[in-house]
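Report on the structure given below.
The values are calculated or read from the model by the stated rules, or taken from the named source; none is laboratory data. Computed from a prediction, not measured in an experiment: that's the story for all the values here. All Cβ positions, glycine included, derive from the backbone under ideal geometry; neighbour counts span all protein chains shown. Heavy atoms of the whole protein, side chains included, go into the accessibility calculation; ligands, DNA and RNA do not. Shrake-Rupley method; radii C 1.70, N 1.55, O 1.52, S 1.80 Å.
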Amino acid sequence: MLTGAGVSAESGLPTFREAQTGLWAQYDPEELATPQAFRRNPRLVWEWYAWRRQLAAAAQPNPAHVALAALAQRVPECTLITQNVDGLHTRAGSVNPIELHGNLSRVKCFDDGRVVEHWQATADPPPRCPDCGGMLRPDVVWFGELLPRTALDAAIAAAQACDVFLSIGTSGLVEPAAALPRIALQCGATVVLINLDVPTRATPPLYAINAKAGELLPALVDAVWPTPDSIG
Ligand code: APR
């Protein structure tokens, strides 16, 4: 299954393409999430991610995250692929989600790419790499950057091999993640799109359900993959 920002919406985290609020309302995320933006104004980009990191840390996993973690316990094999960088799937109990776009809680050196576990806040952000003195940046994939190869290969292999592919809370605008449901369909899987604006026409084995992830997923998982105590 593939998730996008819509799965974290009910945890209070703005989706990527909904209007930004407050101080960041004047900025388009796609203009901040690039290496060029960071070179142009490293402090602004660092502070935007620091704000998003705080939002994610203060947010709680919602029933959608919990249902997907429960699903993995009820089926013989399940791969969770996420475009989200908020870490909420892991906090909900999902084990080793494939984080295609990285994770806000990690930072790395802009120059040598080394992931840095701990960094000192500075009066003049971004902080510096303890190794080479380069600027630190969030360990997320920016527009124009390649996805981590191992993560992408694992996601494609899962899409090719699965019987059922759930695509949840994603606009499907950003490649290569957007190709995964298509790959699953081409390889004979049943594909279910769960979103707030799903295509009106979907013919089996493609299904489209217009619903909030946090409302639909608990009921769907219990109905399709019941456990002994959930069979009422
Ligand atoms: N339940 C289900 N779907 C929802 C909900 C909800 N409660 N709330 C919003 N949505 C849907 C929206 O209708 C939208 O189609 O979630 C989708 C979120 O789409 P985007 O904001 O485009 O986020 P996403 O698809 O995850 O973006 C993919 O693009 O910009 C990059 O790296 C960024 O990971 C991001 C990627």
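Laid out as a table, the results:
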read-out	value
Residue that is nearest to the ligand (Cβ to nearest atom) [pool: residues in segment 171-226 that are assigned to a loop (DSSP other than H, G, I, E, B) and acidic (Asp, Glu)]	Asp197
One residue from Thr190, Thr227 being farther than 14 Å from Leu68 by Cβ and open to solvent by less than 40 Å² (accessible area, probe 1.4 Å)	Thr227
From the options Ala161, Ala177, residue that is of a type in the set (A, V, I, L, M), loosely packed, with under 14 Cβ neighbours inside 10 Å and in contact (Cβ under 8 Å) with a residue 24 or more places away in the chain	Ala161
Scan of segment 98-124 for residues that are within 16 Å of the ligand (Cβ to nearest atom) and acidic (Asp, Glu), ordered by number	Glu99
In segment 1-16, the residues that are assigned to a loop (DSSP other than H, G, I, E, B) and either of a type in the set (Lys, Arg) or more than 6 Å from the ligand (Cβ to nearest atom) (or both)	Met1, Ser11, Gly12, Leu13, Pro14
Counted residues, segment 17-39 - those being surrounded by fewer than 20 Cβ atoms within 10 Å (Cβ to Cβ), small (Gly, Ala, Ser) and not in a helix (DSSP H, G or I)	1
Spans of helices (runs of 4 or more DSSP H) in segment 40-112 with at least 1 residues open to solvent by 50 Å² or more (accessible area, probe 1.4 Å), more than 22 Å from Thr122 (Cβ to Cβ) and among the hydroxyl-bearing types (Ser, Thr, Tyr)	88-91
Among (1) at pLDDT below 95; (2) near the ligand (Cβ under 10 Å from one of its atoms); (3) in contact with a helix residue (DSSP H, G or I) (Cβ under 6 Å, 6 or more places away or on another chain) - the single one Asn62 does not satisfy	(1)
Qualifying residue in segment 116-128 (condition: surrounded by 14 or more Cβ atoms within 10 Å (Cβ to Cβ), under 15 Å from the mean Cα position of the chain (by Cα) and of a type in the set (A, V, I, L, M))	no
Residue satisfying condition, being under 21 Å from Ala72 (Cα atoms) and of a type outside the set (D, E, K, R), within set Leu206, Leu216	Leu216
Top-ranked residue in segment 133-144 [being near the ligand (Cβ under 10 Å from one of its atoms) and in a loop (DSSP other than H, G, I, E, B); ranked as surrounded by the most Cβ atoms within 10 Å (Cβ to Cβ)]	Val141
